[in-house]
Amino acid sequence: MSTLLEMSGVSVSFDGFKAINNLSFQIGEPELRAIIGPNGAGKTTFMDIITGKTKPDEGRISWGDKNISLLGMSESQIAREGIGRKFQKPTVFEAQTVRENLAMALKNPRGPFDVLLYKKTRQGAERIEAIAEQTGLADVLTRVAGELSHGQKQWLEIGMLLAQEPRLLLVDEPAAGMTPAEREKTTEMLVNAAKTRAVVVVEHDMEFIRRLKCRVTCLCEGSVLAEGSIDHVTSNPNVIDVYLGR
Ligand SMILES: Nc1ncnc2c1ncn2[C@@H]1O[C@H](COP(=O)(O)OP(=O)(O)OP(=O)(O)O)[C@@H](O)[C@H]1O
Ligand SMILES: [Mg+2]
């Protein structure tokens, strides 16, 4: 596993309040990483910084095999580098079918391969089937997205992100509003997606986190409070004090 993204000494202030404080973080490729921490710890802001939505006041972020800096890149440049992000609220095209949604995501290539698109038509159909299979949507490909359950919409959005083949996928609170069965399926989906890429999952549901069976980072006040196995992190007295024991 080689390092895909490395953040070091990153800080961000909002009106004098340090939301991210000298944060350092590394993720490998492939790797699945869970991020936990109390409300306001800076978890979403951390994702905003990686995707270029929020510019850090200081620090460095290096990316990929050539250790290029993400700072100074626009949000769309960062997306083209292969960083995909799922927001909490699903943003699928409600009036289109699941298949159409996935097809649109496939037709939105991030690389310089648009000219090869004509070759992808048959392959495209196969890719849609494969992604639908991966995201539990194989039986609802012809359904209009607006009719899906909340959980299925979340999966469709994950599918649309996977269609873009990101090297790093950021997922903020995917289990919120899901039934226990949907949560379990979502865990599986993320574990599978992380076999071939880096996936960062922010989640408050500790049972969900435990099922991911991955390295865990606990953020607090914009810094890493603890990092390691789930047992290591959840037995840390500081983590219990600020988060688990509330
Ligand atoms: N654009 C902004 N302007 C001002 N303050 C902000 C902005 N974005 C975040 N903050 C503040 O930065 C801190 C970190 O917020 P963030 O949303 O990253 O926390 P979080 O860990 O994602 O919390 P939660 O678990 O509730 O989602 C909070 O105090 C928040 O109010
Ligand atoms: Mg958040």
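The numbers here are math on the coordinates, done by the rules we state, and not lab data. Note that the structure is a prediction, hence the values are computed from the model and not measured. Note: ideal-geometry Cβ built from the backbone for every residue, glycine included; neighbour counts use all protein chains shown.
For the chain, what is the convex hull (Cα atoms) projected area averaged across all directions, in square nanometres?
Mean orientational projected area (the chain, Cα hull): 13.8 nm².
Just to check I understand the Karplus step: with θ = phi - 60° and J = 6.51 cos²θ - 1.76 cosθ + 1.60, what whole-Hz values come out for the range 88-102, glycine and proline as x?
5, 8, x, 10, 9, 7, 4, 7, 9, 6, 4, 4, 5, 4, 5
In sequence order, what are the phi-derived ³J(HN,Hα) couplings for the range 74-83 according to the Karplus relation 6.51 cos²θ - 1.76 cosθ + 1.60 with θ = phi - 60°, rounded to whole Hz, with x for glycine and proline?
My calculation for the range 74-83 gives 7, 4, 6, 5, 5, 4, 5, 5, x, 10 Hz in order.
For the pair Lys213 and Ser13, how long in nm is the line joining their label points, each one 7 Å along Cα→Cβ?
Computed distance between label sites Lys213 and Ser13 equals 4.5 nm.
Taking a point 7 angstrom from the Cα of Asp241 along the C-beta vector, which residues in the range 1-39 have backbone N less than 18 Å away?
37-39
Find, among the chymotrypsin sites (Phe, Trp or Tyr not before Pro) in the range 1-109, those assigned to loop by DSSP (not H, G, I, E, B) with at most 16 other beta-carbon atoms within 10 angstrom.
For chymotrypsin sites (Phe, Trp or Tyr not before Pro) across the range 1-109 that sit outside H, G, I, E and B with at most 16 neighbouring Cβ atoms in 10 Å, the list reads Phe87, Phe93.
Using 1/(1 + (r/R0)^6) with R0 = 30 angstrom and r between the beta carbons of Thr179 and Lys53, what's the FRET efficiency to the nearest 0.05?
0.50
Just to verify a number: FRET efficiency for His150 and Thr196, C-beta to C-beta distance, R0 = 30 Å, to 0.05?
0.65
Just report the Cα centroid separation between the range 133-150 and the range 153-208, whole Å.
Each part reduced to its Cα centre gives a spacing of 16 Å.
Write down the percent of antiparallel bridges among all DSSP beta bridges whose residues are both part of the chain, to the nearest 5.
Expressed as a percentage, antiparallel bridges in the chain total about 55.
For the range 46-61, just list the computed ³J(HN,Hα) in residue order, Karplus coefficients 6.51, -1.76 and 1.60, θ = phi - 60°, integers in Hz, with x standing in for Gly and Pro.
So the Karplus estimates, Gly and Pro as x, are 4, 5, 4, 6, 4, 7, x, 6, 10, 8, x, 6, 8, x, 9, 9 Hz.
Between Arg122 and Thr91, what FRET efficiency comes out of the Förster formula 1/(1 + (r/R0)^6) with R0 = 25 Å and r the beta carbon distance, rounded to 0.05?
The computed FRET efficiency comes out at 0.30.
For every helix of n ≥ 4 consecutive DSSP H residues, a contribution of -39,500 (n - 2.57) applies; sum these over the chain, divide by its total residues, and give [θ] at 222 nm rounded to the nearest 500 deg cm²/dmol.
Calculated from helices alone, the mean residue ellipticity at 222 nm is -9000 deg cm²/dmol.
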